[in-house]
Amino acid sequence: MQVPLELKRKYIQRRFQDLQQISSSLEEDDFGPAARIGHQLKGNAQTFDFPQFAPLGIQIEKAAIAGDKQTLKDLLELMDREVNLASRLFLH
């Protein structure tokens, strides 16, 4: 099934919100949002034609469950690069 461009754009915009939410929650050592977002990301990335996000979602979820703040920060940097790359393709 072909995913409409508008849905892809909304998906990418939501990833920017996810980045902010994870970053904010990590400042308070709250790993719950990262675990939830990572789980959702691994589950819905393929559906929206962004398969590169699925492994990242898996890693984010695992690091959050382990309470590994440094790994989560590193993964957020990687996610930020991937989301920005996707946004250049679909938001402009």
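Taken as a whole, the condition of being in a helix (DSSP H, G or I) and buried (at least 16 other Cβ atoms within 10 Å of the Cβ) does not apply to GLU6.
Look at the range 15-40: where a residue is surrounded by 21 or more Cβ atoms within 10 Å (Cβ to Cβ) and a partner is among the polar types (S, T, N, Q) and modelled with pLDDT of 95 or more, sitting 6+ places away or on another chain with Cβ atoms under 7 Å, you get ALA34/SER25; ILE37/GLN21.
Going by what's in this entry, would ALA34 be described as under 13 Å from the mean Cα position of the chain (by Cα) and within 23 Å of MET1 (Cα to Cα)? When the stated conditions are applied, ALA34 does not pass them.
Can you spot a residue in the range 44-59 that is in contact (Cβ under 8 Å) with a residue 24 or more places away in the chain, surrounded by 13 or more Cβ atoms within 10 Å (Cβ to Cβ), at positive phi and not hydroxyl-bearing (Ser, Thr, Tyr)? Scanning the range 44-59, I find at least one residue that is in contact (Cβ under 8 Å) with a residue 24 or more places away in the chain, surrounded by 13 or more Cβ atoms within 10 Å (Cβ to Cβ), at positive phi and not hydroxyl-bearing (Ser, Thr, Tyr), so the answer is yes.
The values are calculated or read from the model by the stated rules, or taken from the named source; none is laboratory data. Note that the structure is a prediction, hence the values are computed from the model and not measured. A quick note on method: Cβ atoms are made from the backbone with ideal geometry, for glycine too, and the neighbour counts reach across all protein chains shown.
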